Amino acid sequence: MAEGIVIRDAHFPGRAPIDAYGNGGFRFAEMSHRGSILCLPSGIHGWEPADPTKFAEGDFARVFQQADGIEILLVGTGKELKPLPPALRQAFRVVGISADPMSTGAAVRTYNVLLAEDRAVAAALVAVD
């Protein structure tokens, strides 16, 4: 008997470059995702920060869980650069992650280059229209 539609958390189980961004989402691995994403060692996950204009430590729980596989975290803050709160920057430093905020476009481009170089990079990317 058919179950009907099953809704699952958005997750691509691998590392892939971002092919395109805009219109409220991202394209990667011949797929698309509407909304923000986290690109981590465990794959690409849908991401919903509580307030994308003011990040908090809880927004990055998955990043902290996978900190041992991340040296650089690129934080795409939307259309414009927004600095990370000092307490959040310090929390990343404590676990050995260099967190670099920049516009989402710049973060996507930088992520793709570092991924191609096989660096220990992750990205938290806020979707832009």
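Protection proxy ranking of 57-69, 32-44, by the mean of other Cβ atoms within 10 Å over each peptide's residues and highest first, is 32-44, 57-69. Each distinct pair of alpha carbons in the stretch 49-103 adds a 1/r term; the inverse of their mean, the Kirkwood radius, is 11.3 Å. Sequentially through the stretch 43-48, phi angles give Karplus couplings (6.51, -1.76, 1.60; θ = phi - 60°) of x, 9, 10, x, 9, 10 Hz, Gly and Pro residues having no value and appearing as x. Here the stretch 105-129 and the stretch 69-85 have alpha carbon centers that stand 10 Å from each other.
Between H11 and G46, the built amide H atoms are under 5 Å apart, and every one of these is 5 or more places off in sequence or on another chain. Against the main long axis of the alpha-carbon atoms of the chain, helix 104-116 sits at an angle near 90°. Annotation: amide H of A127 within the under-5 Å range of S36, I37, sequence separation 5 or more or interchain, hydrogens built in the peptide plane.
Each Cα pair under 8 Å and six or more residues apart adds its separation to the average, and for the chain the resulting relative contact order is 29 percent.
The listed peptides 21-29, 118-126, ordered by packing as a protection proxy, come out as 118-126, 21-29 (highest mean of other Cβ atoms within 10 Å first).
Rg over Rh for the chain works out to 0.98, using Cα positions for both radii and the Kirkwood form for Rh.
The phi-based Karplus calculation (6.51 cos²θ - 1.76 cosθ + 1.60; θ = phi - 60°) puts the 3J(HN,Hα) values of the stretch 52-61 at x, 8, 8, 6, 10, 4, x, 5, 10, 4 Hz, whole numbers, x for Gly and Pro.
Any read-out appearing in this document is the output of simple, stated calculations on the displayed coordinates, not a laboratory observation. Owing to the predicted nature of the structure, the values given are computational and were not obtained by experimental measurement. A quick note on method: Cβ atoms are made from the backbone with ideal geometry, for glycine too, and the neighbour counts reach across all protein chains shown.
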